[in-house]
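Asker: After the structure tokens below, expect a handful of questions from me.
The values are calculated or read from the model by the stated rules, or taken from the named source; none is laboratory data. Given the structure is predicted, the values throughout are model-derived calculations rather than measurements. Cβ sites come from the backbone with ideal geometry, for glycine too, and all protein chains shown count toward neighbours. We work out accessible area using only protein heavy atoms, side chains counted, and drop any ligands, DNA or RNA first. Shrake-Rupley method; radii C 1.70, N 1.55, O 1.52, S 1.80 Å.
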Amino acid sequence: MTNTPDAQPARTLGSGGPVVSRLALGTSSWSTERFGTGPIDAFETVLDMADASAPDFTLIDTSNEYGAQASERFIGDALRRRGGLPQSMVVQTKLDRDPETGSFASARMWRSLMESSARLGLESIPMMYLHDPEHISWDEAFAVDGPVQALVEMKEKGLVERIGISGGPAPMLQRYVETGRFDAVITHNRFTLVDRSAEELINVAVDRDVTVINAAVYGGGALAKWPTPPAKYAYSPIKPETAAAITAMGELCAAAGISLADAALQFSTRDSRITSTVVGVTSAEQVLKAAASDRVAIPESLWAQLDELVPPAATWVNPPGSTWP
């Protein structure tokens, strides 16, 4: 059996929400410093694809803080030139703490929403996440004047259609999901070929009908750059066991005529629990490459062999039994 884009049913963003593609366009690296004053051709290419019968990217992932606010501005400028958001596409963004003070106070969250809405040119945000709450305590997050209450109020007022939680530590995200207040969760670097930290989080989310979005499936590039020896995984120095596993997996894939990067992407997209997989791209070429990568036929037998090479759980970013805080 091989994996194909048509092998799974359409997936929705939130219960009863819009249908979105298996791939989501990641824009965290879109900045004025890197791309100048206009939207990059990656997004233009995705917009060109929007009217296709089965577009590869219909979900756009951004944030108030990405590229020092340039990411949202690039997207909004392109949408205005095109006459608005294509009917088949969905934009999701995130509430971010104050870039100078680090405040997550309610007043800052409302400013974050207004800033994002203005940049994107959207009266209502289809999906809004609270971003990186690991920087504050649980009590601060759920205080009367805290970010969670602000996010819930935004949904109640119709300013955002659905709400989610996005951050790092899997145990933290699971605790948020278990409150029953969120429609979706974004996890990153913790559900990849070499790290299964988010396994329990994903199962808990699915059991509660919470949409799961998976990001950073290459572990910060470690799985995409093979055979170049990786120095880091998930922004930290790579552990010897993880590096060895990547080498072994790369050699196994090469022997099967498969790219390790293709396997790393499809590890996420083939999982029916994952609604969409965020792929960071910076050019039209990378957009097309990601779409092609998700179509590569990978034998079912190879997945079983790759599972045998997963490094010990103790090497994962959040080993089983981890807690937060």
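Asker: Hey, can you tell me all the residues within the stretch 256-291 that are closer than 18 Å to SER29 by Cβ, among the acidic types (Asp, Glu) and at pLDDT 95 or above?
Answerer: Within the stretch 256-291, none qualify.
Asker: Does at least one position in the stretch 72-83 carry a residue that is out of contact with any Asp or Glu (no Cβ under 8 Å at 6 or more places or on another chain), crowded, with 17+ Cβ neighbours inside 10 Å and either over 20 Å from SER29 (Cβ atoms) or β-branched (Val, Ile, Thr) (or both)?
Answerer: Looking for residues that are out of contact with any Asp or Glu (no Cβ under 8 Å at 6 or more places or on another chain), crowded, with 17+ Cβ neighbours inside 10 Å and either over 20 Å from SER29 (Cβ atoms) or β-branched (Val, Ile, Thr) (or both), one finds at least one in the stretch 72-83, hence yes.
Asker: Also: Any idea which of (1) surrounded by 16 or more Cβ atoms within 10 Å (Cβ to Cβ); (2) touching an Asp or Glu at 6+ places or on another chain (Cβ under 7 Å) is the one MET128 doesn't satisfy?
Answerer: MET128 satisfies every listed condition except (2).
Asker: Here is a further query. Suppose we filter the stretch 301-325 for residues that are in a loop (DSSP other than H, G, I, E, B) and open to solvent by 80 Å² or more (accessible area, probe 1.4 Å); how many remain? Please lay out each step first, then the result.
Answerer: Residues of the stretch 301-325 in a loop (DSSP other than H, G, I, E, B): 308-312, 316-325.
Okay, now just the ones that are also open to solvent by 80 Å² or more (accessible area, probe 1.4 Å), so 308, 320, 323, 325.
Residues in the stretch 301-325 being in a loop (DSSP other than H, G, I, E, B) and open to solvent by 80 Å² or more (accessible area, probe 1.4 Å): 4 in total.
Asker: If you don't mind, there's one more thing I want to ask. I need a count of the residues in the stretch 198-223 that are open to solvent by 20 Å² or more (accessible area, probe 1.4 Å) and either in contact with a Pro (Cβ under 8 Å, 6 or more places away or on another chain) or among the charged types (D, E, K, R) (or both).
Answerer: Within the stretch 198-223, residues that are open to solvent by 20 Å² or more (accessible area, probe 1.4 Å) and either in contact with a Pro (Cβ under 8 Å, 6 or more places away or on another chain) or among the charged types (D, E, K, R) (or both) number 5.
Asker: Check the stretch 160-178 and report whether any residue there is open to solvent by 10 Å² or more (accessible area, probe 1.4 Å) and more than 26 Å from ALA313 (Cβ to Cβ).
Answerer: As a first pass, look at the stretch 160-178 and keep what is open to solvent by 10 Å² or more (accessible area, probe 1.4 Å): 161-162, 169, 171, 174-175, 178.
Retained after the next criterion (residues that are more than 26 Å from ALA313 (Cβ to Cβ)): 161-162.
Checked against the condition, which is being open to solvent by 10 Å² or more (accessible area, probe 1.4 Å) and more than 26 Å from ALA313 (Cβ to Cβ), the stretch 160-178 yields at least one hit.
Asker: Further, regarding this structure: Any idea how many residues of the stretch 179-196 are open to solvent by less than 20 Å² (accessible area, probe 1.4 Å) and either more than 18 Å from PHE142 (Cα to Cα) or touching a Pro at 6+ places or on another chain (Cβ under 8 Å) (or both)? Lay out the reasoning, then the answer.
Answerer: Here is the first cut: in the stretch 179-196, the residues open to solvent by less than 20 Å² (accessible area, probe 1.4 Å) are 182, 184-187, 189, 191-195.
Still in the running and either more than 18 Å from PHE142 (Cα to Cα) or touching a Pro at 6+ places or on another chain (Cβ under 8 Å) (or both): 186-187, 189, 191-195.
Number of matching residues: 8.
Asker: Looking for something modelled with pLDDT of 95 or more, closer than 30 Å to ASP139 by Cβ and within 23 Å of the chain's Cα centre (by Cα) - is there at least one such residue anywhere in the stretch 303-312?
Answerer: Narrowing the stretch 303-312 to residues modelled with pLDDT of 95 or more: 303-312.
From the residues that got through so far, the ones that are closer than 30 Å to ASP139 by Cβ too are none.
No, the stretch 303-312 contains no residue that is modelled with pLDDT of 95 or more, closer than 30 Å to ASP139 by Cβ and within 23 Å of the chain's Cα centre (by Cα).
Asker: Related question: Taking the stretch 261-277, which residues are surrounded by 18 or more Cβ atoms within 10 Å (Cβ to Cβ), in contact with a helix residue (DSSP H, G or I) (Cβ under 7 Å, 6 or more places away or on another chain) and not in a helix (DSSP H, G or I)? Show your work before the answer.
Answerer: The initial filter retains those residues of the stretch 261-277 that are surrounded by 18 or more Cβ atoms within 10 Å (Cβ to Cβ), namely 261-270, 274-277.
With the extra rule that they be in contact with a helix residue (DSSP H, G or I) (Cβ under 7 Å, 6 or more places away or on another chain), the set shrinks to 261-263, 265, 274, 277.
Result: ILE274, THR277.
Asker: Select from the stretch 173-194 the residues that are outside any strand (DSSP E or B) and either hydroxyl-bearing (Ser, Thr, Tyr) or more than 17 Å from the chain's Cα centre (by Cα) (or both) and list them in ascending order.
Answerer: ARG175, TYR176, GLU178, THR179, GLY180, ARG181, VAL194
Asker: Just checking, does the stretch 224-235 include any residue being touching a residue at least 40 places away in the same chain (Cβ under 8 Å), under 19 Å from LEU309 (Cα atoms) and buried (at least 24 other Cβ atoms within 10 Å of the Cβ)?
Answerer: Looking for residues that are touching a residue at least 40 places away in the same chain (Cβ under 8 Å), under 19 Å from LEU309 (Cα atoms) and buried (at least 24 other Cβ atoms within 10 Å of the Cβ), one finds at least one in the stretch 224-235, hence yes.
Asker: Just to be sure I understand, how many residues within the stretch 40-68 are open to solvent by 40 Å² or more (accessible area, probe 1.4 Å), closer than 17 Å to ALA292 by Cα and part of a helix (DSSP H, G or I)?
Answerer: Adding up the residues that qualify gives 1.
Asker: Moving to a separate point now. So if I check each of ILE246, ILE258, ILE238, ILE298, which one is more than 21 Å from the chain's Cα centre (by Cα), free of Cβ contacts under 8 Å to residues at least 24 places away in the same chain and crowded, with 17+ Cβ neighbours inside 10 Å?
Answerer: Details: ILE246 fails: free of Cβ contacts under 8 Å to residues at least 24 places away in the same chain; ILE258 fails: free of Cβ contacts under 8 Å to residues at least 24 places away in the same chain; ILE298 fails: free of Cβ contacts under 8 Å to residues at least 24 places away in the same chain.
Being more than 21 Å from the chain's Cα centre (by Cα), free of Cβ contacts under 8 Å to residues at least 24 places away in the same chain and crowded, with 17+ Cβ neighbours inside 10 Å holds for just one of ILE246, ILE258, ILE238, ILE298, which is ILE238.
Asker: Mind checking which pairs have a first residue in the stretch 1-22 that is open to solvent by 50 Å² or more (accessible area, probe 1.4 Å) and a second that is at pLDDT below 85, Cβ under 6 Å, 6 or more apart or different chains?
Answerer: Correct list of pairs: VAL19/ALA10.
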